[in-house]
């Protein structure tokens, strides 16, 4: 059986909000090390990989592997019934067909319980090999989100170029073109505003901005984001969690 | 013009 407790329901609410626009139904695999999810969006352009380590929960118990087949939008609907600072408990018996969610206020004088029906989901999994990327950029998650939002007014695609001078985002459409360039920098007072670039060779890739904007909904989970890119390959975009991560593999647009 | 790729063009099914 699974029993996992979080001190604040907002932690799970934010994670579900970060993935719900891309995923419909998917399996969450639970074992003694924590919860994991790997799922493709409907168009197979983005793969979401979520890891929530058992250390990230205030209490965690899972004696035997449990697969939770869930509709992510149904989970989001139920989570809307929880206050952000409620204590949240997830429970599922072995071979049960439901996930029980309990929301308690801190004084434990209100307890809400919701039972979410589980589904048998026949899901495709991709084998993602360990990859050395040509360029790794760590930057503010909020700045990335803002930059992409600005450029989405110009075009449905963004080109990202990374070299030793910095990282450049550009877009071109009917009304004209625009770009933002960030130089590597260290901000001693606000570490999350630093831009760190590790590079073995310069990279340039283009991506659909609508999908990118869905990915950056994870910005509420972490102050920084790690972008990893290699020419001609999907990018890896990671938001670190206190114990785990939300990671996206994002297929580029390539000249035909 | 650039063409949108799918992840299945890069990664095999597990």
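Here, each number is a calculation from the coordinates, and none is a lab measurement. All values derive from a computational prediction rather than experimental measurement. Every residue, glycine as well, gets a Cβ built from its backbone with ideal geometry; the counts of neighbours run over all protein chains shown.
Taking residue A:23 as the residue in question, decide whether it is in contact with a helix residue (DSSP H, G or I) (Cβ under 6 Å, 6 or more places away or on another chain) and buried (at least 19 other Cβ atoms within 10 Å of the Cβ). Criteria met by residue A:23. For the range A:161-177, the criterion of being touching a strand residue (DSSP E or B) at 6+ places or on another chain (Cβ under 9 Å), part of a loop (DSSP other than H, G, I, E, B) and in contact (Cβ under 8 Å) with a residue 40 or more places away in the chain is satisfied by no residue at all.
From the set of residues in the range A:31-52 that are without any contact (Cβ under 8 Å) to a residue 40 or more places away in the chain and crowded, with 21+ Cβ neighbours inside 10 Å, which is nearest to the other protein chains (Cβ to nearest Cβ)? Here the residue is A:37. Only one of the numbered conditions (1) buried (at least 18 other Cβ atoms within 10 Å of the Cβ); (2) farther than 28 Å from residue B:9 by Cα; (3) touching a residue at least 60 places away in the same chain (Cβ under 8 Å) is not met by residue A:148, and that is (2). Taking the residues in the range A:123-141 that are assigned to a loop (DSSP other than H, G, I, E, B) and within 14 Å of chain B (Cβ to nearest Cβ) as candidates, determine which candidate is nearest to residue A:71 (Cα to Cα). Step by step, filter the range A:123-141, then rank; the result is A:123. I'd like to know if the range A:213-231 contains one or more residues that are loosely packed, with under 14 Cβ neighbours inside 10 Å, at negative phi and more than 14 Å from chain B (Cβ to nearest Cβ). Within the range A:213-231, not a single residue is loosely packed, with under 14 Cβ neighbours inside 10 Å, at negative phi and more than 14 Å from chain B (Cβ to nearest Cβ). Considering the range A:183-256, the qualifying strands (runs of 3 or more DSSP E), each wholly inside and each with 2 or more residues that are under 24 Å from residue B:4 (Cα atoms), run over A:203-208, A:224-229, A:235-241, A:244-250, A:253-255.
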